[in-house]
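In what follows, a single structure is set out as structure tokens and then discussed.
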Amino acid sequence: MGTRTVALFLFFLLATVGFAFMSGCRNGSHNAEVESARPLLTGRKILMVIAPKQFRDEELFTPREYFMIRGAKVTVASSATGEIRGMLGRTFSPDAKLADVRAGDYDAVVFVGGSGAQAYFDDAVAHKLARDAADGGKVLGAICIAPAILAKAGVLKDRSATTFASVRKILVAGGARLMDSSCVRDGKIITADGPPAAKEFAAEITKAITD
């Protein structure tokens, strides 16, 4: 076997081994992703509440997908009907009217943020939903400015929580212990401070449901 032939043989051998190694790495990564997304929430029901306008897109779609690929049935409610446009332009048509949903029918109630969530700051229906979830031992979540809804509903008193900077005073006024963190869990109440924390927020809610 000539020198050129040997060199070509070694080249193809190394290329084959390298391809197999890379495939293994990719498959390992894929398997890890599949494992992390195993159906932890099969049979669980989650209610997500979005504003009648200007909800924050990532705070709906990222957790919703996270819950659904893990087997949860997700219902989205709003005080508005029909197609609602998010702050970044994505749209969603709610599955239910806010006045028609009951916390007792779900394992978790999650309030989505975005500038439009201010519509629920003084909304009696939203406040009752939050209180019923807390009193019923359900997991209760809120992200971005939505923790202000929980504070105004009276469920954050003496609880650790976080929120978007613009509404921190509302949480303090509601008796919350304000934490400088992107996502905070206190018992079955989970709060997060904005879009970058959406996936972490979803993961903490999932843990709280399955604990």
Query raised in the report: Within the stretch 95-118, is there a residue that is under 17 Å from ILE143 (Cα atoms) and touching a Ser or Thr at 6+ places or on another chain (Cβ under 8 Å)?
Result: no
Query raised in the report: Name the residues in the stretch 165-210 that are assigned to a strand (DSSP E or B) and either out of contact with any Cys (no Cβ under 8 Å at 6 or more places or on another chain) or modelled with pLDDT under 95 (or both), would you?
Result: ARG177, LEU178, CYS183, VAL184, ARG185, ASP186, ILE189
Query raised in the report: Which ones in the stretch 152-211 are surrounded by 22 or more Cβ atoms within 10 Å (Cβ to Cβ), among the polar types (S, T, N, Q) and out of contact with any helix residue (DSSP H, G or I) (no Cβ under 6 Å at 6 or more places or on another chain)?
Result: THR162, THR206
Query raised in the report: Is there a residue being in contact (Cβ under 8 Å) with a residue 24 or more places away in the chain, part of a helix (DSSP H, G or I) and either of a type outside the set (S, T, N, Q) or in the same structural domain as ALA134 (by TED's automatic domain parsing) (or both) anywhere in the stretch 78-99?
Result: yes
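Table: residues versus (1) within 19 Å of the chain's Cα centre (by Cα); (2) within 15 Å of VAL109 (Cβ to Cβ).
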residue: ALA134; (1), (2): yes, yes
residue: LYS138; (1), (2): yes, yes
residue: THR162; (1), (2): yes, no
residue: ARG168; (1), (2): no, no
residue: ALA173; (1), (2): no, no
residue: LYS188; (1), (2): yes, yes
residue: GLY194; (1), (2): yes, no
residue: ALA203; (1), (2): yes, no
residue: THR210; (1), (2): yes, no
Report task. For the stretch 188-200, enumerate the residues that are touching a residue at least 24 places away in the same chain (Cβ under 8 Å) and over 15 Å from GLY114 (Cα atoms). Result -> LYS188, ILE189, ILE190, LYS199
Query raised in the report: Give me the pairs: first residue in the stretch 59-75 and within 20 Å of ALA103 (Cα to Cα), second residue hydroxyl-bearing (Ser, Thr, Tyr) and at pLDDT 95 or above, beta-carbon distance under 6 Å, and six or more apart or on different chains, which are they?
Result: GLY71/THR42
**Report entry** Residue satisfying all of: in the stretch 35-75; assigned to a strand (DSSP E or B) and touching a helix residue (DSSP H, G or I) at 6+ places or on another chain (Cβ under 7 Å); surrounded by the fewest Cβ atoms within 10 Å (Cβ to Cβ) among these
**Finding:** LYS45
Report summary line: Residue set ASP132, ASP158; condition assigned to a helix (DSSP H, G or I) and farther than 24 Å from ASP57 by Cβ; output residue ASP132
Query raised in the report: Hey, does the stretch 61-69 have a residue that's farther than 17 Å from ALA146 by Cβ, among the polar types (S, T, N, Q) and modelled with pLDDT of 95 or more?
Result: no
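The values are calculated or read from the model by the stated rules, or taken from the named source; none is laboratory data. These figures come from a predicted structure and were not determined experimentally. Positions of Cβ are generated from backbone atoms using ideal geometry, with glycine treated the same way; all protein chains shown enter the neighbour counts.
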